[in-house]
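The values are calculated or read from the model by the stated rules, or taken from the named source; none is laboratory data. Please read all numbers here as calculations on a predicted model, not as lab measurements. Methodologically, a virtual Cβ is constructed for each residue, glycine included, from the backbone with ideal geometry; neighbour enumeration extends over all protein chains shown.
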Amino acid sequence: MNVRNEMLNLIRGRKEGHSLPQPFYIDPDFYKVDLELFWYREWLFAGHNCEIPKAGNFFTLQVGEYPVVVVRDRTGEIRAFHNSCRHRGSRVCTSAKGASAKLVCPYHQWTYDLDGKLLFARQMPEDFDPAAHSLKPIACQTVAGYIFICLSNEPADFQPFRTLMEPYFAPHNLTDAKIAHETTIIEKGNWKLVWENNRECYHCAGNHPELCKTYPEAPNVTGVSGGADDPEMAEHWAKCEAAGLPARFNIHETGQFRAIRSPLLRDAVSYTMSGRPAVRKNLSAQVNADRIGALMLFHYPTTWNHVLIDHAVTFRVLPLGPNETAVTTKWLVNKDAVEGVDYDLDELTHVWMHTNDQDRQIVEENARGIHSPAYEPGPYSALHEGGVMQFVEWYSSFLEPRLDGTRPLPIREVAA
């Protein structure tokens, strides 16, 4: 049977409120379809504006088969390109990040300006047209300090996400922050298992002792109701909004992205073992309210985020294969904060360094069990795993019409 037909049949026959059938988590052909229908079509979180503050600053990433470079040009605009030389295809930028006045391919020194135009190609014939050999651009948008890219030739409208997200995040001034620390871990499990684990705290008490000192396990934090009927949550929202900080649970009609500001436990103000701030300087001078909790955002399929008064922790998910996923975590602080003076790096990163490693082990054990011939989809807890159910519903609702051809974009409409 054709793999797309098999996926379509399994999606249509799946048990509501249950995990997905086994091939969605382990099959290499299913994974390739995921790349084509999700990763090569959707807006993806790439990084932060503050990572490339000056002209010529760049960073690279790999999305499936596509190497990508994101660079700030001479006018200050942030651009994204396919990181593939127009000569013979070699990667132009080979390091994870760097700075350069021009982008020079190391193979034969074809040289590109920061806007992608080919400036120099050595000893080519007289009829060679440099203008026809610029780096291929990738759709790129920035909002509130975040950079998103889309590999599709016809990207979806970015404005709905901007409209929802920007009011929540703009006050935190992440555009002018700095990266205090960055790590990437490889989780030996499918990208959907990484997301499913993230979308619930049913597992937190038994697995995350550091995080549970400050982060509430309440289902309305990770779920889809947002806690509108929770008096404590409603009081927190009212307090934050009185200080000019949007707080109420807000989810887009597609279920692809949402934001919420939730209180931390007791008198905690930050993700530290003590609950006290990890950084002496607030992340933004615009935010001075007391105990604002954590501003959380998810955007499928690439990012979840926690923004506190003193720092932010952002996460980027990228698939490496049917059974491998890279999770990159970045800790952002006030650009003027000095390590060793305004913050201790171990205190700043301790909670999520441990939590990330614990989640890695959880995902890998989950993946090992799903590989068993005895695996069959199991029921989610409606109380604790509403967020997981919502993620699986989003995945299924986006996948099915793209498989049966009812979406307006052709299935393989991705950038060359």
(message) Give me the residue from the stretch 133-176 that is closer than 16 Å to Val68 by Cα and either of a type in the set (Gly, Ala, Ser) or touching a Cys at 6+ places or on another chain (Cβ under 6 Å) (or both) and, out of that set, surrounded by the most Cβ atoms within 10 Å (Cβ to Cβ).
(response) Ile149
(request) Could you grab me the full set of residues in the stretch 257-274 that are surrounded by 20 or more Cβ atoms within 10 Å (Cβ to Cβ) and either among the polar types (S, T, N, Q) or free of Cβ contacts under 8 Å to residues at least 24 places away in the same chain (or both)? (result) Ser262, Ser270, Thr272
(message) List the residue pairs whose Cβ atoms are under 8 Å apart, where the first residue sits in the stretch 178-191 and is under 20 Å from Phe38 (Cα atoms), the second is of a type in the set (Phe, Trp, Tyr) and at pLDDT 95 or above, and the two are 6 or more positions apart or on different chains.
(response) Gly189/Tyr25; Asn190/Phe24; Asn190/Tyr25; Asn190/Tyr31
(request) Could you grab me the full set of residues in the stretch 114-143 that are over 25 Å from Trp43 (Cβ atoms) and either among the basic types (Lys, Arg) or touching a residue at least 12 places away in the same chain (Cβ under 8 Å) (or both)? (result) Lys117, Leu118, Leu119, Ala121, Arg122, Pro130, Ala131, His133
(message) With the condition being at pLDDT 95 or above and basic (Lys, Arg), I'd like the strands (runs of 3 or more DSSP E) fully within the stretch 114-208 carrying at least 1 qualifying residues.
(response) 177-187
(message) Can you pull out every residue in the stretch 100-128 that is farther than 27 Å from Gly145 by Cβ, surrounded by 16 or more Cβ atoms within 10 Å (Cβ to Cβ) and of a type in the set (Phe, Trp, Tyr)?
(response) Trp110
(request) Give the residues of the stretch 6-32 that are without any contact (Cβ under 8 Å) to a residue 40 or more places away in the chain and buried (at least 16 other Cβ atoms within 10 Å of the Cβ), sorted by residue number. (result) Glu6, Leu10, Pro23
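Name the residue, out of Ala180, Ala156, that is closer than 19 Å to Ser284 by Cα and among the small types (Gly, Ala, Ser).
Numbers: Ala156 fails: closer than 19 Å to Ser284 by Cα.
None of the others qualify; the one that does is Ala180.
Kindly establish whether Glu376 is modelled with pLDDT of 95 or more and either under 29 Å from Trp331 (Cα atoms) or among the aromatic types (Phe, Trp, Tyr) (or both).
Here the answer is no, as Glu376 does not meet what is asked.
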(request) Find the strands (runs of 3 or more DSSP E) located wholly in the stretch 247-312 whose residues include 3 or more that are more than 20 Å from Gly145 (Cα to Cα), assigned by TED's automatic domain parsing to the domain that holds Leu348 and out of contact with any helix residue (DSSP H, G or I) (no Cβ under 9 Å at 6 or more places or on another chain), and list them. (result) none
(request) Sort out for me the strands (runs of 3 or more DSSP E) sitting completely within the stretch 1-108 that have 2 or more residues that are in contact with a Gly (Cβ under 9 Å, 6 or more places away or on another chain) and β-branched (Val, Ile, Thr). (result) 66-72
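Quick grid of which residues meet (1) of a type outside the set (D, E, K, R); (2) over 24 Å from Thr314 (Cα atoms):
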{"site": "Phe58", "(1), (2)": "yes, no"}
{"site": "Gln62", "(1), (2)": "yes, no"}
{"site": "Glu77", "(1), (2)": "no, no"}
{"site": "Ser95", "(1), (2)": "yes, no"}
{"site": "Gly98", "(1), (2)": "yes, no"}
{"site": "Pro106", "(1), (2)": "yes, yes"}
(message) Tally up the residues in the stretch 80-99 that are surrounded by 13 or more Cβ atoms within 10 Å (Cβ to Cβ) and under 24 Å from Phe128 (Cβ atoms), please.
(response) 11
(request) Collect the residues in the stretch 209-230 that are modelled with pLDDT of 95 or more and among the aliphatic types (A, V, I, L, M), keeping them in residue-number order. (result) Leu211
(request) Go through the residues of the stretch 208-215 one by one and say whether even a single one is under 30 Å from Glu339 (Cα atoms) and acidic (Asp, Glu). (result) yes
